[in-house]
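Data first, discussion second: the structure below is written as structure tokens.
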Amino acid sequence: MPPKKTAVRRKKKQPVKTFVLDTNVLLHSPVALDVFDDNQVVLPMAVLEELDKFKTQSSELGRNARESIRKLDALRTGGKLAKGVPLPSGGTLRVLVTPEIEKAGLEEDTPDNALIRLAYWLGRQGERVIIVSMDINVRVKANAIGLEAEDFEHEKVNFDELYSGYQEMVVPRSVIERLYDGQVLASVPAKCHPNMFLHLTAAGEDDLKAIARVFPDGTMSEINLAIDTVYGIQSRNVEQRMALELLMDPAVSIVTLVGQAGTGKTLLALAAGLHLVQREHLYDRILVSRPIVPLGKDIGYLPGDKEEKLSHWMEPIFDNLDYLLRKTQPDQPPAGAKKQPRLLTPQERIAQLLDNDTLELEALTYIRGRSISRQYIIIDEAQNLTPHEVKTVVSRAGEGTKVILTGDPYQIDNPYLDASSNGLTYAAERLKVLPLHGHITLHQSERSLLAAAAAKHL
């Protein structure tokens, strides 16, 4: 008698899901089609029509629309889109026209409603349908008629657990004493990321403290809290001092600074930049940029020529420069000189910085495609950029360039981004393991008592 066959328990295969994508997903990330594993991806015809409307724009949205269209064109060589073509992830892609069915409570003929009605119809065919949209209202409407709906989770981080750049730690008294003696300690008392800071307290002695920086080689040393003035300003708290440590170190090629209004992010970045460019001559110029308007519109939407457009959008930068230049005086001729020139006003000195190419203000739209070497780049309000946009900007950095990303994840103007999905927090979390990156989250407002109260209580 032949031996009895033993039954082999096979791993139960997960049922295939059908993900119906909104246009904003592809406009946010052209690689979105590749992240749904071996499931089905469905694009309503209305999505293609919306991509077509965006493709002529010179903004990041236009570029993402064109890239998405090119990807779809390449995929169609694998078969008929209406029946399904294979995706690199192992799944399939279909492009479908919304069938003529009852409106499902969505009377208005809009692209959003066409998407929801298509998902509703697919669900009636027995498919497990999930709408993926970065539009909150789409997700709400879908849920209201009994459909599953999710945000696009790819390129998201857990903002509640965002890397702060420092941590508190209790250590033996001897560790702090050795740091006080100026020793570089060869071992770090915990697993730390490069360029991280440690708030050290001696065990049983709460008044014996030190701030140490962890270097990429695994060593650590104390940082001097009484740092000399940097371009007329001094750090007002430990967080600002740690930020300055990273900003002033040319070995740290990219710095991310997260904090609410008044914590000093932009002011510190500008002060360090002016010092490193004008006094240390480590960089050729400071390049400052900001997202111009929500949704990636370029400066063509603003009145005037390029300089006039930028001057309006860069007012917060000018305010910080004005403050810094009031704190410092320009170099003066020797005391014995016959004629003392008139002191320039802060506004005149800003104009001088622009005229002699020490400072350059540029729209993000025009940074793409450049190779930027030996410059100190500040990207302000970076929380309004997608991870893809941040990657595009940072990848422009050439040899000897330092990039600073600043922003407040609680003040996001882009309706498709939040504290977890924006490019600033994404970069801070993803780059934390790299020796060339440093990050600080600033909490304490130093602008004024009123600003601090507003940040805390309003």
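Quick note: the coordinates plus some simple rules give every number you see, no bench work behind them. Worth saying up front: this structure is predicted, and the values here are computed from it rather than measured. No Cβ is skipped: glycine too gets one built from the backbone with ideal geometry, and neighbour counts run over all protein chains shown.
Taking the centroid of alpha carbons for each part, the stretch 128-159 and the stretch 194-266 are 40 Å apart. Here's how it looks for Arg285: its modeled amide H is under 5 Å from those of Tyr376, which are all 5 or more places away or on a different chain. Shown in residue order for the stretch 314-325 are the 3J(HN,Hα) couplings computed by the Karplus curve 6.51 cos²θ - 1.76 cosθ + 1.60 at θ = phi - 60°: 9, 3, x, 5, 4, 4, 5, 4, 4, 4, 5, 6 Hz (x for Gly and Pro). Taking the C-alpha atoms only, the angle from helix 60-75 to the longest principal axis of the chain is near 40 degrees. Residue ranges 243-255, 410-422, 66-78, 267-279 sort as 267-279, 243-255, 410-422, 66-78 when ordered by packing (mean number of other C-beta atoms within 10 Å per residue, highest first). For Met196, the residues 5 or more places off, or on other chains, whose built amide H falls under 5 Å of its own are Val214. Please name which of Asn39, Val288, Gln240 has its Cα lying farthest along the dipole of the chain towards the positive end, using unit charges on Cβ (Lys, Arg +1; Asp, Glu -1) and the Cα centre as origin. Final value for the positive-end residue is Asn39.
Using only the Cα atoms of the stretch 18-150, build the gyration tensor, take square roots of its eigenvalues as a ≥ b ≥ c, and label the shape rounded, prolate or oblate: rounded if a/c is under 1.5, else prolate if a/b is larger than b/c, else oblate. Oblate.
Label separation (Tyr410 vs Arg66): 3.9 nm, computed from points 7 Å beyond Cα along the C-beta direction.
Distant-in-sequence amide contacts of Ile404, defined by a placed amide H-H separation under 5 Å and a gap of 5 or more residues or a different chain, comprise Val255, Ile377, Ile378, Ile379. Summed over qualifying helices (DSSP H, 4 residues or more, each -39500 (n - 2.57)) and divided by its residue number, the chain shows a 222 nm mean residue ellipticity of -9000 deg cm²/dmol. Spelling out what I want: for every residue of the stretch 39-49, take phi, set θ = phi - 60°, compute 6.51 cos²θ - 1.76 cosθ + 1.60 (Karplus), and round to whole Hz; glycine and proline get x. Ordered by residue, 3J(HN,Hα) equals 8, 8, 10, 10, 10, x, 4, 4, 5, 4, 5 Hz.
When each of Arg63, Arg368, Arg124 is scored by the number of other beta-carbon atoms lying within 10 Å, the sequence from fewest to most is Arg124, Arg368, Arg63.
Nothing charged except the Cβ atoms of Lys and Arg (+1) and of Asp and Glu (-1): what's the magnitude of the dipole of the stretch 18-150 about its Cα centre? Round to the nearest 20 debye. Intermediate values should be presented prior to the final figure.
Details: 16 positive and 20 negative charges, 82 e Å.
Around 400 debye, computed over the stretch 18-150.
Within the chain, DSSP assigns beta bridges of which about 20% are antiparallel (rounded to the nearest 5).
Each label point was placed 7 Å from the Cα along the Cα-to-Cβ direction; for Leu208 and Asp109 their separation is 7.9 nm.
Pairs exceeding 27 Å between alpha-carbon atoms, taken from Lys80/Lys391; Lys17/Lys156; Lys17/Lys83; Lys53/Lys83: Lys80/Lys391. Residue by residue, the stretch 212-218 carries 3J(HN,Hα) couplings of 10, 10, 8, 8, x, 7, x Hz when phi is fed to the Karplus relation 6.51 cos²θ - 1.76 cosθ + 1.60 (θ = phi - 60°); x denotes Gly or Pro.
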